[in-house]
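The values are calculated or read from the model by the stated rules, or taken from the named source; none is laboratory data. What you are looking at is a predicted structure, and each value in this text was computed from that prediction instead of being measured. With ideal geometry, Cβ positions are generated from the backbone for all residues, glycine too; neighbour counts draw on all protein chains shown. Ligands, DNA and RNA are stripped out before the accessible areas are found, and what is left, the full protein with its side chains, is counted by its heavy atoms. Shrake-Rupley method; radii C 1.70, N 1.55, O 1.52, S 1.80 Å.
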Protein chains: 2
Amino acid sequence: MHTPNKSIIPVTLTTLKAACSQCNLRELCLPYGLSASEIEQIESMVGVRRRVKRQQHLYRAGETFEAIYAIRSGFFKTDVLLEDGRDQVTGFQMAGEILGMDGISGEAHTCNAVALEDSEICVIPFAHLERLSREIQALQRHFHQVMSREIVRDHGVMMLLGTMRAEERLATFLLNLSQRFTTRGYSPAEFHLRMTRDEIGSYLGLKLETVSRAFSRFQDEGFISVQQKHIRILDIAGLKKLLNHPPS
Amino acid sequence: MHTPNKSIIPVTLTTLKAACSQCNLRELCLPYGLSASEIEQIESMVGVRRRVKRQQHLYRAGETFEAIYAIRSGFFKTDVLLEDGRDQVTGFQMAGEILGMDGISGEAHTCNAVALEDSEICVIPFAHLERLSREIQALQRHFHQVMSREIVRDHGVMMLLGTMRAEERLATFLLNLSQRFTTRGYSPAEFHLRMTRDEIGSYLGLKLETVSRAFSRFQDEGFISVQQKHIRILDIAGLKKLLNHPPS
DNA sequence: TAGCCGTTTTGATTTGCGTCAACACGTCCA
DNA sequence: TGGACGTGTTGACGCAAATCAAAACGGCTA
C-alpha cells in the first residue's frame, strides 16, 4: 500500500480549470460569437477538463444526465444499442463538437460515447449552462444553433441511409471527414481514420466487407490511396462525381 | 373581377389569437409543465393560428427561418431534397408536436413541411420564444427537451434504417403510430394512414412495392387488417415479435 | 524472432429488396 | 355512365449487398 506521494491524484482525472479564452477552438465550440467578457463568464460554467483514454466511455446509455461535453482534443463515436444486441454508430465527433445532447430530453443518456483515441473534454454542467444562457443571449442563441445543427446532421444521415448506395455513402463520409478536418486546420487530403471498418460500416448501414470493397474500388479508380487507416484523397472531383447519381 | 365582399379576407389565413390555456394539447405541447400564470405569458408569444390545407406547404427548404410551429390539429410530413431529385421523408408529425427546429441552425429552413390533411398550426416567432425562455425557466427547460427528443427520435430512425429489415421497419412504424395516437386519446388499434405507400416507403428507406407487400404479409399472418389507408391492429404481440430479431 | 490476435482484404455464393410490368381499385369530372 | 388519373396490389426477374469462408497483414508480447 505504499503509494509515491506525487501519484495520489491519478493523472487520468485531471481537474484542470477550463480556459475558453485561451482555447484555440473557441470559434468552433460553444463560446462562438461571444464577447471577451462573456467568455470569461463561460469559463465559470465549464467545470473541469477530463481526460478520456482510448476505448473508455465518456458516458453510457442509462447513466444519469447531468452535463454536456465539449471535445477539446481527440475523437469519439456515439452508438445506440437494441435489446437484441444490434447496435448502430450514430456519429463520430471531433474537437470543438458537443456531446451528450441526447440526454437533455430525459433523466438519462440514450446512447454511449466512446473515445476512439486518447481525448480531452470539457465538462459543462447542464444546469449551469441553462442558467447562463438565460443571462447571455448570444450563448442561448448559439446553443440552440448547436442543437439544431445536430438535427440537420441527423437528417443528412437519414438521407444517406435511406437513399444512397454503398459507394455513394462512403464517398459522402470521406468528403465530410475531409471537410471537418480542414475546418480544424488539418490537411483536407490526408488523414488518419480513428475508427475500424466495422464502425464505419455500422455508421453507414453497411457490413465491414462492403466498406472494405468500396475502399479498394476507390483506390483502383485512383480516387484515394488507402493504407490501413491512412487515407489520402487523390481526386476529390472524382469522389464528388459519385454523389448525386441516383440508383434508378 | 367581381369579388363578394365577405371573401376579401381569405378564410385560409385565419389570424385567430392562440389560447394555450384553453387548448387541450397543452400537456403535449410547449406549455407542458408551466403554471397557469406562465401559460398566460406564453399566449402572448404564440402569434396566431394558421390553417394549412392538405398538400400545402407550411414552409419550404430555403425559406427564411423566423418561427417554429406547434400543430394544433392535422398531420404533416417533413422531407429533404437532394439536388438530383431524390428525396427522403424525415418525419411525420401530429397534433402537439413542434415543426421547424431544423431552421434554427442557419438563416433558412433545410426541409419542407407539407400538410397531409387540412391542419391548423400555432405560429411561434422564434425571437419571441428565446426572449420568453430567458425569463421562464420551465419554458426553457421544456424547449430544450423538445429539441433533444427530436435528436433521440432521429437516432431511432437511423437505427431503423441502418439495421432493420423491411418487415421490422414497417412493424416499428405501425407500433410507433399506434402509440402516438393513443397518447392523443385515439384508438391504439384502429387508425387512418394520412400518407401514401410511397411516403411510408421514403420514410422507411423502402420502395412502395415493398411496403405494400409487407402490409399484405402482415394481413395474411393475421397481425393487422388493411383496407386502403384504414389500418386495424389485430395482434399487437404478433407485430412486436417481429422486432428484436436480428437478420444474422 | 516467433507466435498470437484483432483487423482487413478478397473470393464465392446467397438473398432481400429493387425494378419492371400488368392489373385492380376508388375518385373525380366530363 | 364512362374514361382518366392517382394509388395500391401482385408477379417475375435482376442485382447490390449480405453472408460465409479463407487468407494476409500489422502490432503486440513472450
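Points to keep in mind about this one:
- Range in chain B, longest, excluding exposed trypsin sites (Lys or Arg not before Pro) [loop by DSSP; at most 14 other beta-carbon atoms within 10 Å]: B:61-164
- Measuring against 31 Å, Cα to Cα, the residue pairs B:K207/B:K240; B:K17/B:K240; B:K207/B:K241; A:K207/A:K241; A:K53/A:K240; A:K17/A:K53 contain B:K17/B:K240; A:K53/A:K240 as the ones spanning a longer distance.
- The angle separating the long axis of helix B:126-135 from the principal Cα axis of greatest extent in chain B is about 80 degrees.
- Computed over chain A, Kirkwood Rh from alpha-carbon pairs, angstrom: 19.7 Å
- Cα pair distances of the stretch B:164-242 binned at 10 Å [whole percent]: 20, 58, 22, 0
- Equivalent ellipsoid, the protein assembly as shown (semi-axes from 5 times Cα gyration tensor eigenvalues, Å): 37, 31, 23
- Inter-site label distance for B:K207 and A:E27 at 7 Å from Cα along Cβ, in nm: 4.9 nm
- On Cα atoms only, tilt of A:166-183 relative to the major axis of chain A in degrees: 40 degrees
- For chain B, the relative contact order is 17 percent, taking Cα pairs closer than 8 Å that sit 6 or more residues apart in sequence and dividing their mean separation by the residue count.
- Surface accessible to a 1.4 Å probe, per residue, for the residues of chain A, Å²: 48 Å²
- Estimated vicinal HN-Hα couplings, Hz - the stretch A:22-30 in sequence order (Karplus 6.51, -1.76, 1.60; Gly, Pro = x): 8, 7, 6, 9, 4, 7, 9, 9, 4
- Relative contact order, percent, the stretch B:164-242 [alpha-carbon distance under 8 Å, six or more residues apart]: 34 percent
- Each copy carries a label point for A:E117 at 7 Å from Cα toward Cβ; from one copy, the others' points are 5.3 nm away, ordered from shortest.
- Degrees between helix A:208-220 axis and first principal axis of chain A (Cα, 0 to 90, nearest 10): 60 degrees
- 7 Å along Cα→Cβ, label-point gaps from B:H192 to other copies, nm, shortest first: 6.1
- Annotation for the stretch A:218-242 versus the stretch A:50-105: alpha-carbon center distance of 29 Å.
- Here's the picture: charge each Lys and Arg Cβ at +1 and each Asp and Glu Cβ at -1 in the protein assembly as shown, and of B:L99, B:L242, A:V89 the one pushed furthest to the positive end of that dipole is B:L242.
- Ascending list, in nanometres, of distances separating the A:Q137 label from those of the other copies (7 Å, Cα toward Cβ): 2.3
- Amide hydrogen neighbours beyond the local backbone of A:V48, cut-off 5 Å, H modeled: A:V123
- Pairs of alpha carbons in the stretch B:104-188 whose separation is greater than 22 Å (percent): 50 percent
- MRE, 222 nm, helices only [DSSP H, n ≥ 4, -39500 (n - 2.57), over chain B, to nearest 500]: -12000 deg cm²/dmol
- Contact surface B-A: accessible area buried, both sides summed, square angstrom, 1.4 angstrom probe: 4500 Å²
- Label-point separation, B:L234 to A:S225 (7 Å along Cα→Cβ), nm: 6.4 nm
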